[in-house]
Amino acid sequence: MRMATATGELSGQVPASEARAMPWTAIGWFTALLIAAYFPILKRLVEQWSTDEDVGHGFFVPVVAAFIAWQRRDQLLKIVPKPAWWGALLIVWSILQCYIGSMGAELFLQRSAFLIGLLGVILLVGGVDLVKALAFPLLLLPFMIPIPAVIYNQITFPLQLFASTVAETALGWFGIPVLRDGNLLVLANQTLNVAEACSGIRSLLSLTFLSLVYAYFFDGRVWMRWALLAGTIPIAILANAARVTVTGMLSGVDPDLAHGFPHLVEGFIIFVIALIMLFVLHLALSRIARWWGSRGQAVKHA
């Protein structure tokens, strides 16, 4: 019994029979105060989720992160709270960052300051071991914050050009006459503008978030999470290029199919196909890993 207790102390945990209650009251109070302090910023963030389709997945991020944290409640209850007082420095840092962001009207600084403050609260109340146990849900939370405009613009324009270039080539293969001028595709009956909304950034952000969540629930290997995360980048880019190509083909049948509700349905179908591609990638990587493992065993016993 003494050895088990000592082991629990070394790992920052105690046996289930000796588990101490987490200071939920303190965590609740600190979190409530943090939300109250950042309420105007969080309110504008939620408003952007509801109006900007590029970050519409933001509604799901805190819900999924909270659900994952709730799934780990047994593990969390075994942690011995050891407040790290330097968490207070992170809270002060978040306040200063929020103030600097408000002076320059920089929303990203203000919104990310909330996450820094949340991390500081967890450290201050529960300690480093609690942060380690909540590492994955905490790493998901930045997905709910839109990319800074300066970075967003640097990403979207090359994606627009890539999608329009691929679409020009693919349409040519299908014998559809097209002339590309930058991100404009000039067809026989109309001109398609591959705008920022068609750059693929929306599906890229959503797929990266979903890839991490998918790997968490269906594959416990950490390397698989990183592999699927990396795989979502080419999948999202190629899927969006395919969407632009299909839009060009449909516009040849009926120009109205390139706009409005048909265009939205087309985007949804392409996104589902991208999810299927992510699933296929997972299966392929799993088979390669099993083959490599069996090959290594065979060499070892040879």
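The values are calculated or read from the model by the stated rules, or taken from the named source; none is laboratory data. All values derive from a computational prediction rather than experimental measurement. Please note: Cβ atoms are built from the backbone with ideal geometry, for glycine as well, and neighbour counts cover all protein chains shown.
State yes or no: is residue 53 among the acidic types (Asp, Glu) and either crowded, with 16+ Cβ neighbours inside 10 Å or out of contact with any helix residue (DSSP H, G or I) (no Cβ under 9 Å at 6 or more places or on another chain) (or both)? Spell out the reasoning first.
Numbers: among the acidic types (Asp, Glu): yes; either crowded, with 16+ Cβ neighbours inside 10 Å or out of contact with any helix residue (DSSP H, G or I) (no Cβ under 9 Å at 6 or more places or on another chain) (or both): no.
So residue 53 does not fit the description; no.
Any residue at all in region 202-210 that is part of a loop (DSSP other than H, G, I, E, B), within 20 Å of residue 53 (Cβ to Cβ) and not aromatic (Phe, Trp, Tyr)?
Initial filter on region 202-210 (part of a loop (DSSP other than H, G, I, E, B)): none.
No - not one qualifying residue is present in region 202-210.
Quick check, is residue 88 modelled with pLDDT of 85 or more and aliphatic (A, V, I, L, M)? Write out each step before concluding.
Details: modelled with pLDDT of 85 or more: yes; aliphatic (A, V, I, L, M): yes.
Yes: the conditions hold for residue 88.
Of all residues in region 133-190 being of a type in the set (S, T, N, Q) and farther than 15 Å from residue 249 by Cβ, which is surrounded by the most Cβ atoms within 10 Å (Cβ to Cβ)? First the steps, then the outcome.
So in region 133-190, the residues of a type in the set (S, T, N, Q) come out as 153-154, 156, 160, 164-165, 169, 183, 189-190.
Remaining after also requiring farther than 15 Å from residue 249 by Cβ: 153-154, 156, 160, 165, 183.
Details: 153: 11, 154: 11, 156: 22, 160: 24, 165: 17, 183: 22.
Of everything passing the filter in region 133-190, 160 is surrounded by the most Cβ atoms within 10 Å (Cβ to Cβ).
What are the residues in region 251-268 that are within 23 Å of residue 207 (Cβ to Cβ) and either surrounded by 12 or more Cβ atoms within 10 Å (Cβ to Cβ) or outside the structural domain of residue 168 (by TED's automatic domain parsing) (or both), if any?
Within region 251-268, 262, 263, 266, 267 qualify.
Restrict the check to region 245-268 and report whether at least one residue is modelled with pLDDT of 75 or more, under 23 Å from residue 168 (Cβ atoms), in contact with a strand residue (DSSP E or B) (Cβ under 7 Å, 6 or more places away or on another chain) and of a type in the set (Val, Ile, Thr).
yes
Scan region 2-12 and tell me whether some residue there is among the hydrophobic types (A, V, I, L, M, F, W, C) and either modelled with pLDDT of 60 or more or not in a helix (DSSP H, G or I) (or both).
Residues of region 2-12 among the hydrophobic types (A, V, I, L, M, F, W, C): 3-4, 6, 10.
Checking the rest, the ones that are also either modelled with pLDDT of 60 or more or not in a helix (DSSP H, G or I) (or both) come to none.
No, every residue in region 2-12 fails to be among the hydrophobic types (A, V, I, L, M, F, W, C) and either modelled with pLDDT of 60 or more or not in a helix (DSSP H, G or I) (or both).
Residues in region 78-85: is at least one farther than 27 Å from residue 222 by Cα and either in a helix (DSSP H, G or I) or out of contact with any Gly (no Cβ under 7 Å at 6 or more places or on another chain) (or both)?
Taking every residue of region 78-85 in turn, at least one turns out to be farther than 27 Å from residue 222 by Cα and either in a helix (DSSP H, G or I) or out of contact with any Gly (no Cβ under 7 Å at 6 or more places or on another chain) (or both).
Does residue 26 count as modelled with pLDDT under 80 and assigned by TED's automatic domain parsing to the domain that holds residue 124? Write out each step before concluding.
Values: modelled with pLDDT under 80: yes; assigned by TED's automatic domain parsing to the domain that holds residue 124: yes.
When the stated conditions are applied, residue 26 passes them.
Which of the residues belonging to region 163-201 are within 30 Å of residue 57 (Cβ to Cβ), touching a helix residue (DSSP H, G or I) at 6+ places or on another chain (Cβ under 8 Å), in a strand (DSSP E or B) and not hydrophobic (A, V, I, L, M, F, W, C)?
None - no residue of region 163-201 is within 30 Å of residue 57 (Cβ to Cβ), touching a helix residue (DSSP H, G or I) at 6+ places or on another chain (Cβ under 8 Å), in a strand (DSSP E or B) and not hydrophobic (A, V, I, L, M, F, W, C), so the list stays empty.
If residue 274 meets every condition in (1) within 27 Å of the chain's Cα centre (by Cα); (2) without any contact (Cβ under 8 Å) to a residue 24 or more places away in the chain apart from one, which number is that one?
(2)
Kindly indicate whether residue 35 is under 25 Å from the mean Cα position of the chain (by Cα), part of a helix (DSSP H, G or I) and either of a type in the set (A, V, I, L, M, F, W, C) or modelled with pLDDT under 90 (or both).
Working: under 25 Å from the mean Cα position of the chain (by Cα): yes; part of a helix (DSSP H, G or I): yes; either of a type in the set (A, V, I, L, M, F, W, C) or modelled with pLDDT under 90 (or both): yes.
Judged against the criteria, residue 35 is a match.
Return only the number of the condition from (1) touching a Leu at 6+ places or on another chain (Cβ under 8 Å); (2) farther than 22 Å from residue 46 by Cα; (3) surrounded by 19 or more Cβ atoms within 10 Å (Cβ to Cβ) that residue 117 does not satisfy.
The number of the failed condition is (2).
Find all pairs meeting these conditions: Cβ atoms under 7 angstrom apart; at least six residues apart or on different chains; first residue within region 117-139 and over 24 Å from residue 213 (Cα atoms); second residue modelled with pLDDT under 90 and of a type in the set (D, E, K, R).
Listed by first residue and then by second, the contacts come to 127/82.
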